[in-house]
1. Pick from 414, 476: which is assigned to a loop (DSSP other than H, G, I, E, B) and either crowded, with 23+ Cβ neighbours inside 10 Å or not assigned by TED's automatic domain parsing to the domain that holds residue 283 (or both)?
2. Across the stretch 287-299, what is the total count of residues that are without any contact (Cβ under 8 Å) to a residue 60 or more places away in the chain and assigned to a loop (DSSP other than H, G, I, E, B)?
3. Only one of 283, 302 is free of Cβ contacts under 8 Å to residues at least 40 places away in the same chain and in a strand (DSSP E or B); which?
4. Just to be sure before I move on: is residue 349 in the same structural domain as residue 422 (by TED's automatic domain parsing), part of a helix (DSSP H, G or I) and on the phi < 0 side of the Ramachandran plot in the structure I sent?
5. Taking residue 343 and the conditions (1) more than 30 Å from residue 136 (Cα to Cα); (2) assigned to a loop (DSSP other than H, G, I, E, B); (3) under 25 Å from the mean Cα position of the chain (by Cα); (4) in contact (Cβ under 8 Å) with a residue 40 or more places away in the chain, which numbered condition does it fall short on, given that it satisfies the others?
6. Residues being in contact with a helix residue (DSSP H, G or I) (Cβ under 8 Å, 6 or more places away or on another chain) and buried (at least 22 other Cβ atoms within 10 Å of the Cβ): count how many of those fall in the stretch 426-442.
7. Among (1) in a strand (DSSP E or B); (2) in contact with a strand residue (DSSP E or B) (Cβ under 7 Å, 6 or more places away or on another chain), there is one condition residue 403 misses while meeting the rest; what is its number?
8. Could you pull out the residue among 91, 100 that is in contact (Cβ under 8 Å) with a residue 24 or more places away in the chain, on the phi < 0 side of the Ramachandran plot, part of a strand (DSSP E or B) and surrounded by fewer than 17 Cβ atoms within 10 Å (Cβ to Cβ)?
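The values are calculated or read from the model by the stated rules, or taken from the named source; none is laboratory data. Fair warning: this is a prediction, and the values are worked out from it, not measured in the lab. Note that we place each Cβ from the backbone using ideal geometry, even for glycine, and neighbour counts take in every protein chain shown.
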């Protein structure tokens with residue numbers, strides 16, 4: 001369908017996973033007992049099934065199970081979905097398992113994602129006031145740790161914590177939740193909206209509607225009188241409906257055309273760009289966005305009187321320097337992360353081998369960019385992108401290219417970061433990831449397209465690697481683009 005579709009799909013897959021996980025994460029900081037309707041014996045042991053839909057088309061199912069143990073509970077959840085990236089169809093299987101105490105406070109957890117022969121795993125264990133764990137991709141293990149002030153709860157639902165109480169319209173509860181995919185904590189506010197009659201397959205039902213807000217993102221859930229979730233609306237047009245086991249597993253969903261992530265989220269434009277890879281300046285108007293100034297990232301991307309202007313950097317204006325760069329202001333853009341393992345011996349060795357002693361930052365960027373583009377096979381990837389996995393497998397789409405390049409750059413002392421937004425192709429803008437490096441200013445480079453600097457149709461929405469891409473959920477499906485000028 002698209003010449004470059006393999007380079008953009010993984011951003012969207014990552015967000016599908018995060019969008020679903022947002023709906024099923026328990027609070028890490030409980031409100032006072034007098035305001036939170038939770039008791040030790042509220043929950044009934046058993047399992048439930050839900051179908052996963054995208055605009056009324058079934059794309060998968062979800063199974064949840066709660067079982068007692070001698071010290072608390074075991075919470076298990078698994079999802080299966082069929083997704084399409086370009087011409088490739090993928091069946092994705094995700095498993096979450098957690099051990100909790102009798103109050104549902106987490107003692108350990110694991111998340112495993114299987115797709116296309118690859119496995120991505122995150123696991124952790126609470127020890128005193130610290131959550132320690134590891135990310136595993138293939139044979140590579142990356143440890144992480146987080147300090148804790150309160151008990152954490154994962155990966156059940158905030159609705160689970162609300163069962164058994166007398167919820168009233170206007171009631172509001174605030175939680176801190178931890179996302180094992182994005183490796184971040186966020187504040188979640190649950191607001192009880194009131195009763196609503198919802199038409200379901202077996203007729204209308206009067207249910208309690210609640211809103212769950214994280215930052216600028218709001219999702220909704222509908223609960224029955226017992227506090228069981230009947231329907232959930234996630235981002236990206238995803239809907240979960242409670243079903244019987246037979247309906248969840250059946251209904252022929254595996255025979256349907258998979259959800260095409262690329263085509264579904266494309267942003268069509270009326271004004272075609274005949275040679276997009278050579279566009280050096282682009283003027284656009286962002287539609288459907290309350291505050292377009294939030295998408296100004298000067299000097300490359302600026303906003304003025306409703307127009308966003310993107311201009312490629314002038315190579316003659318860039319400032320090189322001897323490696324490694326030691327300015328403490330860029331410490332965050334030089335350090336390793338769970339997804340950019342820039343201090344791993346294999347990453348360091350590969351970067352040094354590519355540069356062969358080169359210490360000029362500008363020439364080093366060009367060498368790392370060319371090596372990443374040439375070495376990685378351009379194949380669709382439905383998985384979680386890490387630099388080590390990309391280096392080992394030597395294939396992937398835009399995120400594999402971006403995280404590997406950024407890790408290699410950091411390994412030799414070049415401040416680098418992954419960014420995400422959209423790029424123009426075939427009469428539309430598609431979600432995409434690329435990188436930026438510091439050369440006297442932040443310079444956009446695209447390892448998937450081998451561009452230094454990246455053309456001006458790269459419209460940046462967020463800074464940061466995959467762990468920061470949750471912010472894209474407030475944009476996808478909401479933003480439109482009008483091209484007002486280019487050259």
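1. On the way: 476 fails: either crowded, with 23+ Cβ neighbours inside 10 Å or not assigned by TED's automatic domain parsing to the domain that holds residue 283 (or both).
Testing whether each residue is assigned to a loop (DSSP other than H, G, I, E, B) and either crowded, with 23+ Cβ neighbours inside 10 Å or not assigned by TED's automatic domain parsing to the domain that holds residue 283 (or both) leaves just 414.
2. Initial filter on the stretch 287-299 (without any contact (Cβ under 8 Å) to a residue 60 or more places away in the chain): 290-294, 296, 298.
If we keep only those that are assigned to a loop (DSSP other than H, G, I, E, B) as well, we get 290-291, 296, 298.
Qualifying residue count for the region: 4.
3. Values: 283 fails: free of Cβ contacts under 8 Å to residues at least 40 places away in the same chain.
Unique residue meeting the criteria: 302.
4. Values: in the same structural domain as residue 422 (by TED's automatic domain parsing): yes; part of a helix (DSSP H, G or I): yes; on the phi < 0 side of the Ramachandran plot: yes.
In short, yes.
5. Status for residue 343: all satisfied but (1).
6. Filtering the stretch 426-442 down to residues in contact with a helix residue (DSSP H, G or I) (Cβ under 8 Å, 6 or more places away or on another chain) leaves 430-435, 437-441.
With buried (at least 22 other Cβ atoms within 10 Å of the Cβ) added as a condition, the list becomes 430-435, 437-439.
Within the stretch 426-442, residues that are in contact with a helix residue (DSSP H, G or I) (Cβ under 8 Å, 6 or more places away or on another chain) and buried (at least 22 other Cβ atoms within 10 Å of the Cβ) number 9.
7. Evaluating residue 403 over (1) in a strand (DSSP E or B); (2) in contact with a strand residue (DSSP E or B) (Cβ under 7 Å, 6 or more places away or on another chain) leaves (1) as the failure.
8. Working: 100 fails: surrounded by fewer than 17 Cβ atoms within 10 Å (Cβ to Cβ).
Unique residue meeting the criteria: 91.
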